[in-house]
Amino acid sequence: MKAVLSRFAPYILSLVRIVVGLLFLEHGAQKHFYFPPGGNHPAITTLSGAAGAFEILCGVLIAIGLFTRPAAFLASGVMAFAYFLAHFPRGFFPVNNGGDGAILYCFIFFYLVFAGGGPLSLDALRGRK
């Protein structure tokens, strides 16, 4: 059973990368393009606005698997920064301070720094998995 599942692991890595990249992009798109509707719409000159720009850029790069490792490293850092600046001051426990999403993004992106984009990525086409 393990051998059968292991055979699909690189493709599941690519699937996770694509889904997480698109979800991250969605956060930035909501801030700057007002789509999907709702959320806040910070000015680009604020920290939240700058984070939205990083979410758009890194989300696109991660979703398509281009420069995955550097984009994931940057996105991981942005999420760590966001957690400690915006969420941690509201309380210690992430479930109470609303920071559980930021922590999950931070560590998934940190994993992608080491794992790369997988076989279904533009990096793989360029020979840089």
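We did not get these values from a lab; they are worked out from the coordinates using the rules stated. Since the structure is predicted, the reported quantities are computational estimates derived from the model, not experimental observations. Quick reminder, even Gly has a Cβ in these numbers, built from the backbone with ideal geometry, and neighbours come from all protein chains shown.
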Elements of type helices (runs of 4 or more DSSP H) in the range 25-129, at least 2 residues being in contact with a helix residue (DSSP H, G or I) (Cβ under 9 Å, 6 or more places away or on another chain) and either closer than 21 Å to LEU15 by Cβ or small (Gly, Ala, Ser) (or both): 47-64, 68-82, 100-115, 122-125
Failed item, numbered, when PHE92 is tested on (1) surrounded by fewer than 13 Cβ atoms within 10 Å (Cβ to Cβ); (2) under 20 Å from ARG128 (Cα atoms); (3) without any contact (Cβ under 8 Å) to a residue 60 or more places away in the chain: (2)
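Results for (1) exposed (fewer than 15 other Cβ atoms within 10 Å of the Cβ); (2) more than 18 Å from VAL19 (Cβ to Cβ), shown as yes or no for each residue.
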| residue | (1), (2) |
| --- | --- |
| PRO37 | yes, yes |
| PRO42 | no, yes |
| LEU47 | yes, yes |
| GLY52 | no, yes |
| GLU55 | no, no |
| LEU66 | no, no |
| MET79 | no, no |
| CYS106 | no, no |
| VAL113 | no, no |
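So that you can scan it fast, the table gives a plain yes or no per residue for (1) out of contact with any Leu (no Cβ under 6 Å at 6 or more places or on another chain); (2) under 21 Å from GLY49 (Cα atoms):
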position	(1), (2)
PHE67	no, no
TYR83	yes, yes
GLY91	yes, no
PRO94	yes, no
ILE103	yes, yes
Meets criteria (touching a residue at least 60 places away in the same chain (Cβ under 8 Å) and assigned to a helix (DSSP H, G or I)) for LEU13: yes
Qualifying positions in the range 53-82 - out of contact with any Gly (no Cβ under 8 Å at 6 or more places or on another chain) and not hydrophobic (A, V, I, L, M, F, W, C): PRO70, SER76, GLY77
